Amino acid sequence: MIKLFSFLPRIDFITLGLVIPILLAGLFTMGEVNIHEPYFIRQGIWIILSILVFILTSGIEYRFLKQSKVVITVYVLGLLLLLALFILGHVSKGAQSWFSIGGFSFQPSDIMKLLVIIILAKYFSRRHIEIANIRHIIVSGIYAFIPFVLIALQPDFGSSVVVAFLWFGMVIVSGISKKHLFTVLFLGLASFTLLWNFVFKPYQKARIMNFIHPLADLRGTGYNAYQSMIAVGGGQLIGKGLGFGTQSRLNYLPEYRTDFIFAAFAEEWGFVGSVLLLLLYTGLLLRLVYFAHVAHSNFEALFTYGVILWFFFHIAINVGMNIGIMPVTGIPLPLMSYGGSHLLAEMLALGMCIGMYSYAKPTHRSHMHREFVGLE
């Protein structure tokens, strides 16, 4: 039961202290501090709303998520949102990934990542000691495969890959035999082959080929990645200063507020600023690892590890594509890239992790047994 005015004591100020500098780094990188700068104002509003979501959700006890009917219901609702995109979705840059109502846009794939984590945490928490059984790997794979396909068909290659990585990572965390691991890798390779031949659009294939041969088409498919590397290198040791990034401010670097915000930040703050930013992300991930370690049941631990994997994949892929070691996939940098739906989903996930941590208590053996055998 949520108690009135009980939210403030539930806030984890260490997590908030790591998150706020990252939020501000993104805000000041995407535009000047000016009431006439639309990106700055809009993102500022999203940041305020997301912090409120973070505070509110950190005061909730999430025991209700251990009920199968609740988890299945929210999972199905998420799938229905993805299906509705094909009828009501707004097409932007060749992808039908958004609902657009007036000036507000919402991307269901952001919240779907969180729902995939919830249903996989629920499934594996009840079958933790049986994960070596290939049947559980297949069933859990189906839970991830359905949203994977629906997101890939939009097409949103980056988000679909993250869903696949989330499933694979949570299978690893839950425990898997080497034989089954190689089976999963083989199935992943087979799935990629099918996607390459029947799902990927020409521009997506071009991005992957450009990753293999980054200097092959600097004026075409490789332009964004090339300009990004110039921006990162141009920052040198201490950067050019806030607002003085030539690649971003002079529009040489496309999408510098979204996909390439790390490059824009690195140009203005340099190597030192980039290292400090990555240390903040590292501190946040380590804080989540601590939450998972002290979790009072498998569900809370697996959910938190899922959130860790989600953030890690986004950070690694986004920073990797900004410095030219990963293909350009359109994955936002957590807490920094412009946009409201991914920011709200990320802060919601962090709030849920803190809520689970706040209500953590020593695990009784009878509780663990009930969870293993599926009585909870």
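Take LEU288 and tell me if it is touching a residue at least 12 places away in the same chain (Cβ under 8 Å) and assigned to a helix (DSSP H, G or I). Talk me through it step by step, then tell me what you get.
Values: touching a residue at least 12 places away in the same chain (Cβ under 8 Å): yes; assigned to a helix (DSSP H, G or I): yes.
So LEU288 fits the description; yes.
Return yes or no: is LEU280 free of Cβ contacts under 8 Å to residues at least 40 places away in the same chain and either surrounded by fewer than 20 Cβ atoms within 10 Å (Cβ to Cβ) or out of contact with any strand residue (DSSP E or B) (no Cβ under 6 Å at 6 or more places or on another chain) (or both)?
Working: free of Cβ contacts under 8 Å to residues at least 40 places away in the same chain: no; either surrounded by fewer than 20 Cβ atoms within 10 Å (Cβ to Cβ) or out of contact with any strand residue (DSSP E or B) (no Cβ under 6 Å at 6 or more places or on another chain) (or both): yes.
Here the answer is no, as LEU280 does not meet what is asked.
Checking the structure you have, find out if any residue of the range 290-299 is touching a Cys at 6+ places or on another chain (Cβ under 6 Å) and surrounded by 17 or more Cβ atoms within 10 Å (Cβ to Cβ).
First pass over the range 290-299, keeping only residues touching a Cys at 6+ places or on another chain (Cβ under 6 Å): 291.
Filter once more, so that each one left must be surrounded by 17 or more Cβ atoms within 10 Å (Cβ to Cβ): 291.
Yes, there is a match, as at least one residue in the range 290-299 is touching a Cys at 6+ places or on another chain (Cβ under 6 Å) and surrounded by 17 or more Cβ atoms within 10 Å (Cβ to Cβ).
Going residue by residue through the range 316-331, is there one that turns out to be part of a helix (DSSP H, G or I) and within 28 Å of TYR123 (Cα to Cα)?
Yes, there is a match, as at least one residue in the range 316-331 is part of a helix (DSSP H, G or I) and within 28 Å of TYR123 (Cα to Cα).
Does the range 1-42 hold any residues that are modelled with pLDDT of 85 or more and of a type in the set (S, T, N, Q), and which are they?
THR15, THR29, listed by residue number.
Looking at the range 318-344, I want the residues that are under 13 Å from SER228 (Cα atoms) and small (Gly, Ala, Ser) and have a partner that is outside any loop (DSSP other than H, G, I, E, B) and modelled with pLDDT under 90 with Cβ atoms under 9 Å, at least 6 apart or on another chain. Which pairs are those?
Short answer, once both residue conditions are applied: GLY324/PHE211; GLY324/ALA225; GLY324/TYR226; GLY324/SER228; GLY324/MET229; GLY324/VAL232.
The values are calculated or read from the model by the stated rules, or taken from the named source; none is laboratory data. For clarity, every value in this text was computed on a predicted model and none was experimentally measured. Backbone-built Cβ (ideal geometry, glycine too); neighbour counts: all protein chains shown.
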